[in-house]
1. Looking at the structure I just gave you, is residue 68 surrounded by 10 or more Cβ atoms within 10 Å (Cβ to Cβ), within 24 Å of residue 22 (Cα to Cα), in the same structural domain as residue 18 (by TED's automatic domain parsing) and at pLDDT below 90?
2. Output the residues belonging to segment 31-65 that are surrounded by fewer than 13 Cβ atoms within 10 Å (Cβ to Cβ) and outside any helix (DSSP H, G or I).
3. Looking only at segment 50-62, decide whether some residue is in the same structural domain as residue 11 (by TED's automatic domain parsing) and more than 27 Å from residue 12 (Cβ to Cβ).
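The values are calculated or read from the model by the stated rules, or taken from the named source; none is laboratory data. Predicted model, so just to flag it, every value in this text is computed and none were measured. Positions of Cβ are generated from backbone atoms using ideal geometry, with glycine treated the same way; all protein chains shown enter the neighbour counts.
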């Protein structure tokens with residue numbers, strides 16, 4: 001069988017990898033992907049109680065249905081979202097960035113100082129390397 005559309009091939013690999021990360025999260029309490037971190041909370045506890053099969057089944061079905069619905073929603077609203085994204089300017093990008101930073105502080109549990117410190121560290125690490133939009137090297141004057 002010859003693969004004619006590589007986008008479908010790569011999409012299958014991506015979806016398989018996202019679901020595959022839940023297997024280690026459920027059975028070993030080690031997330032294989034960053035999206036499987038939450039699966040460690042309930043899935044591993046179900047496995048410890050002898051319900052690993054049920055946890056893996058729930059994860060597979062949830063991954064399939066959520067992926068299918070999300071794909072349909074994105075396909076349905078892609079033209080509207082692309083038109084909206086093209087109207088964004090510097091003010092909107094700045095507002096989205098501030099909203100993300102405020103959301104990170106609100107969602108952080110524990111010390112507010114540690115949360116702000118980790119956000120600043122993340123911003124500093126994100127300034128290293130090449131700029132995605134322009135291709136210019138960051139950090140040089």
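1. On the way: surrounded by 10 or more Cβ atoms within 10 Å (Cβ to Cβ): yes; within 24 Å of residue 22 (Cα to Cα): yes; in the same structural domain as residue 18 (by TED's automatic domain parsing): yes; at pLDDT below 90: yes.
In short, yes.
2. 49, 50
3. yes
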